[in-house]
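First comes the structure, then the notes that go with it.
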Amino acid sequence: MIGLAYCDKAGRIFYDESVQPLADGGVVRAVTREELVPAPAGTVPMVLPARHPRLTHGVARRRQTLAVMLPAGYTRLLLPAYDRDDGAPALPLFGYTFACAIDETLHVAAMRTDEGEDWQPRTFASGELELLVERRISASNGNRVLAQLATCSLEYHCFTAQNVFLERGEAALPVSPSCNARCVGCISEQEPETGVPSPHLRIAEEMTARDLATIAVYHLERVPDGIVSFGQGCEGEPLLRSIAIARAIETIRASRSNGTINLNTNGSLPSALQRCIDAGLQAVRVSLNSFRPRVYGAYYRPIGYALEDVFASIRLACDAGLRVSLNLLTHPGVTDDVDELVAMRDFLRSVSVDMIQTRTLNIDPEWYFDTVGRPTQPAGMREAIAEMRASGVRVGNFTHTH
């Protein structure tokens, strides 16, 4: 029996296995056992205020909807289905996943899509990370990139920022305070009228090539197969700073030949990307939410570019022999719409992308559906992932050094 997991107004979690909750996969429906896994370690339960769970027989009006955030390495399959009270506040920018109870155990609608030790949450002894940050900052001669990464490590708990101080894996190199998109669910800059706060503050200044290169060289000296990555969640679009990035890459490679230099980007400016490739860029991860121009434009609200420019950047990087990944912002009912699957298949079979990294799109589900529309025929997220793999593309969640 798939039973209801819910909250009271105080956020306490209860189970009622005498009733069955419904899920939202673009259409509201019953969930199947095959779509569920026991809640993995690192799952974070959340109460959805003024929202009441839908059941196979009505709505649980006196109960608050429970959703969860998934740990890294899992892909969300379904959303919680609920009725919202009039005047209910918009939900913060998190990834809301369906949860239920089976045999008095919390289960979630998700599938395991990757594993990676460098991306698992680490438990620090009291003051351990703070001490690592303090030591590095004190020896940095006022490096402004490192100061930003200290904030990202300690306040935002960013793994790639923490990796700089832990001297492991993929290290963050934030570079650009500006952006040429106005994403509806932007995590670093929200328009005040949305009523939804940004989880992060965007960097306020342009980082210099010298400061960027200094951090990258230090990291690669200590992590032989490490990755240094321009473009992070605390910033805008790095291709707007392609000259500084290219200079930093040249400086890095003048000192170190090991490791991988990566760029995370919206792929909006092919000529700027070419500049970085000419300087020695080796890998690129391009973010998008859809392979359909209308859906892409509704969410990204691009300024001075279009989805076809993003496709051109992906083709450019593939032709240049870079390791190319797509950072696909997934959302049940959009990613798996049959029209989306056709558009995705057509594009993936025209390029040589190495990997799709699925990312849960952090946004209020109703807000997103209002923005891009509900599906005509959702095929299911498992089918969407199977379609990616059938196109010859590896599916995961992390950047791997091998």
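List of remarks:
- Members of region 179-219 that are aliphatic (A, V, I, L, M) and more than 21 Å from Ser268 (Cα to Cα): Val196, Leu201, Ala204, Ala209, Leu212, Ala213, Ile215, Ala216, Val217
- Condition check for Glu366 on (1) buried (at least 18 other Cβ atoms within 10 Å of the Cβ); (2) closer than 22 Å to Met46 by Cα: one failure, at (1).
- Residue, farthest from Ser290 (Cα to Cα), within region 303-314, restricted to residues that are part of a loop (DSSP other than H, G, I, E, B) and touching a strand residue (DSSP E or B) at 6+ places or on another chain (Cβ under 9 Å): Ile303
- Among residues of region 132-176 being under 18 Å from the mean Cα position of the chain (by Cα) and at positive phi, the one that is modelled with the lowest pLDDT is His157.
- For the residues Arg374, Arg349, Arg389, the requirement of being within 18 Å of Gly297 (Cβ to Cβ), out of contact with any helix residue (DSSP H, G or I) (no Cβ under 9 Å at 6 or more places or on another chain), surrounded by fewer than 20 Cβ atoms within 10 Å (Cβ to Cβ) and outside the structural domain of Thr97 (by TED's automatic domain parsing) singles out Arg374.
- Scope region 191-201; condition touching a residue at least 12 places away in the same chain (Cβ under 8 Å) and surrounded by fewer than 19 Cβ atoms within 10 Å (Cβ to Cβ); matching residues: Thr194, Gly195, Pro197, Ser198, Pro199, Leu201
- Test: residue in region 279-295 that is in a loop (DSSP other than H, G, I, E, B), modelled with pLDDT of 95 or more and small (Gly, Ala, Ser): yes
- Residues that are of a type in the set (D, E, K, R) and out of contact with any helix residue (DSSP H, G or I) (no Cβ under 6 Å at 6 or more places or on another chain) within region 176-228 comprise Arg182, Glu189, Glu191, Glu193, Arg202, Glu205, Glu206, Arg210, Glu221, Arg222, Asp225, listed in sequence order.
- Residue tally, condition part of a loop (DSSP other than H, G, I, E, B) and buried (at least 17 other Cβ atoms within 10 Å of the Cβ), over region 139-155: 2
- Counting only residues that are closer than 17 Å to Ser391 by Cα and in contact (Cβ under 8 Å) with a residue 60 or more places away in the chain, region 329-368 holds 4 of them.
- Of the criteria (1) of a type outside the set (Lys, Arg); (2) more than 20 Å from the chain's Cα centre (by Cα); (3) surrounded by fewer than 20 Cβ atoms within 10 Å (Cβ to Cβ); (4) assigned to a helix (DSSP H, G or I), which one Ala317 fails: (3)
- A residue that is of a type in the set (Ser, Thr, Tyr), modelled with pLDDT of 95 or more, under 15 Å from Asp309 (Cβ atoms) and outside any strand (DSSP E or B) occurs nowhere in region 245-262.
- When each of Val196, Val217 is tested for being farther than 22 Å from Leu263 by Cβ and hydrophobic (A, V, I, L, M, F, W, C), the lone residue that passes is Val196.
- Condition check for His331 on (1) under 21 Å from the mean Cα position of the chain (by Cα); (2) under 25 Å from Pro177 (Cβ atoms): one failure, at (2).
- Picking from residues in region 209-240 that are over 22 Å from the mean Cα position of the chain (by Cα) and touching a residue at least 60 places away in the same chain (Cβ under 8 Å), the one that is nearest to Val164 (Cα to Cα) is Ile215.
The values are calculated or read from the model by the stated rules, or taken from the named source; none is laboratory data. These figures come from a predicted structure and were not determined experimentally. Note: ideal-geometry Cβ built from the backbone for every residue, glycine included; neighbour counts use all protein chains shown.
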